[in-house]
Amino acid sequence: FFMSCIFILALVNLKEVKNMKVIGINGSPKKEKSQTRRLVMGVLEGARQAGADITFIDLCSLDIKYCTACGTCYAKGECINEDDFPLLLAKMLDADGIVWGSPNYINSVTAQLKTMFDRMADSIHCQSFTGKYGCSVCTAGGSMADEVADYMNETMLPLGATTVGKVAVLVGADPNAIGPAEKQAKELGRKLAEAIRTRWKDPAQEKQHA
């Protein structure tokens, strides 16, 4: 009986690894020319190598309207806007791991990514990402890449997610810095997958979630 239980648990763990899903969302409007995209794809590739099914989304190709602070999402659990956001949110809710990427636009994320964040007010109050893991990547010309990446991770935390790290790189002063940063991104992707697999807990973040 004991050995049968061990075998069943092994199958369950194998299933969890096999079905692990990681989604990467790039908030840069530069599409294929985006340096941030390279980092998001790097994280996804690292996660893929670690056994995850990956999905990449170009946020700027979607139609996401501004939040109007009408409060309908609080009252009814739905939004008055008819656009691509519900499908995007559903994809994030279906994932085990989430990667957000943005270049530094005046010491913050792009308008497109901030618009997505603002549409997630009810998700934050409900901690809809509880049990999920996340990380962030940022590129910048000369400064604030670390701070913007931290901001994205700090946005994941009240959603209920546990963050595992960031990659932030200044490409203005050294365009060649993107190469080593891609390697860091792949390592971050493997770390993200491992956190999902082991259900890693960080006491400090668990305290904030509570």
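The values are calculated or read from the model by the stated rules, or taken from the named source; none is laboratory data. Everything numeric in this text was worked out from a predicted model, so none of it was measured. Neighbour counts are summed over all protein chains in view; Cβ atoms, including those assigned to glycine, are modelled from backbone coordinates with ideal geometry. These accessible areas exclude ligands, DNA and RNA; they are computed on the full protein's heavy atoms, side chains included. Shrake-Rupley method; radii C 1.70, N 1.55, O 1.52, S 1.80 Å.
Split the accessible area of the chain by element, probe 1.4 Å, and carbon with sulfur accounts for 57%. Taking all protein chains into account, the per residue accessible area for the chain stands at 52 Å² (1.4 Å probe).
Note on exposure: Cys79, Cys60, Cys138 ranked by accessible area (1.4 Å probe, complete protein assembly) read Cys79, Cys60, Cys138, with the most exposed listed first.
Over the chain, the Kirkwood radius and the radius of gyration, each from Cα atoms, give a ratio Rg/Rh of 1.00. Panel note: the C-alpha atoms of the stretch 116-210, placed on their principal axes, show extents of 41, 31, 21 Å (largest first).
Beyond 20 Å, what percent of the Cα pairs of the stretch 44-131 remain? Roughly 42 percent, rounded to a whole number. Across Lys201, Lys31, Lys76, the residue with the most accessible area heads the list, and the full order at a 1.4 Å probe is Lys76, Lys201, Lys31. Annotation: aspartates and glutamates with alpha-carbon distance below 18 angstrom to Lys186 (same-chain offsets under eight excluded): Glu45, Asp53, Asp96, Asp146, Glu194. Restricting the stretch 30-99 to GluC sites (Glu not before Pro) that sit in a DSSP loop and have at most 11 other Cβ atoms within 10 Å of their own Cβ leaves Glu78, Glu82. 3J(HN,Hα) couplings calculated from phi for the stretch 136-148 with the Karplus curve 6.51 cos²θ - 1.76 cosθ + 1.60 (θ = phi - 60°) are, in sequence order, 9, 9, 8, 10, 8, x, x, 6, 6, 5, 4, 5, 5 Hz; Gly and Pro show x. Here the label points at Ala90 and Asn176, each 7 Å from Cα along the C-beta direction, are separated by 4.8 nm in the simple model.
A convex hull fitted to the Cα coordinates of the stretch 14-88 yields 109 cubic angstrom per residue.
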